[in-house]
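> Quick one: the structure is below, and I'll ask about it shortly.
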Amino acid sequence: MSREFIRFVLVGVANTAVYYIIYYLFLQIIGIHYLFSHGIAVGLSMIFSYFLNVYFTYNVRPSWQTFFLFPVTQAVNIIVTAISLWVLVDIVGFSALYAPFAALVLTVPITFFVTGRVLKRNERTI
């Protein structure tokens, strides 16, 4: 495993924690509806994830172009996860309770590849 991939996984873990902290804050502390809390948390954690991936994972300079393309990486993740879950649960017969963890085996490398392609578009390293 490359150091870049390990850093990508660490950013994913940190991003998940940031998402949940923001979600919890808006839901429980401020008292905003869960869907709005989720939207705010996704937006803010995606910004957090972008900068961590730019500076920590891929060591490239941020740009407006990659900033606005970065959500594409999340769309790819969502689509691949949904397809993987459907195949695992409805075709293979895997438990829906554990299928998301099995789907990670496929989605993390794909998302890593797509994210790297988006953020390294101009190959300007720091």
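> Peptides 37-46, 22-31: what's the order by average Cβ count within 10 Å, highest mean first?
Peptide ranking by packing, descending: 37-46, 22-31.
> What's the carbon and sulfur percent of the chain's accessible surface, probe 1.4 angstrom, rounded to a whole number?
Here it works out to 72 percent.
> How long is the gain from residue 117 to residue 6 if the chain were fully straight, where each residue apart is worth 0.36 nm and the alpha carbon distance is subtracted?
Details: separation 111, 0.36 × 111 = 39.96 nm, distance 1.67 nm.
Gain on extension, residue 117 to residue 6, equals 38.3 nm.
> Moving on. Taking N as the number of residues in region 5-122, what is its Cα Rg relative to 2.2 N^0.38 Å? Before the final figure, lay out each step's value.
Numbers: Rg = 15.5 Å, N = 118, 2.2 N^0.38 = 13.5 Å.
Ratio of Rg to 2.2 N^0.38 Å for region 5-122: 1.15.
> Please give the peptides 91-99, 11-19 ranked by average Cβ packing (other Cβ atoms within 10 Å per residue), highest first, as a rough proxy for protection. All intermediate terms of the calculation are to be shown ahead of the outcome.
Working: 91-99: 11.0, 11-19: 16.0.
So the peptides 91-99, 11-19, ranked by packing, come out 11-19, 91-99.
> Taking 7 Å along the Cα-to-C-beta vector as the label spot, tell me the residue 32-residue 65 distance in nanometres, rounded to one decimal.
About 3.2 nm, to one decimal.
> Also, quick follow-up: Could you do me a favour and compute the accessible area per residue for the chain, 1.4 Å probe, result in Å²?
Heavy-atom accessible area per residue stands at 65 Å².
> Still on this structure, I have one more. In Å³ and rounded to a whole number, note down the convex hull volume per residue for the Cα atoms of region 58-126.
Spelled out: Cα convex hull of region 58-126, divided by residues, is 73 Å³.
The values are calculated or read from the model by the stated rules, or taken from the named source; none is laboratory data. The structure presented is a predicted model; accordingly, all values stated were derived computationally and were not measured. Methodologically, a virtual Cβ is constructed for each residue, glycine included, from the backbone with ideal geometry; neighbour enumeration extends over all protein chains shown. Calculation scope for accessible area: heavy atoms of the full protein, side chains included, ligands and nucleic acids excluded. Shrake-Rupley method; radii C 1.70, N 1.55, O 1.52, S 1.80 Å.
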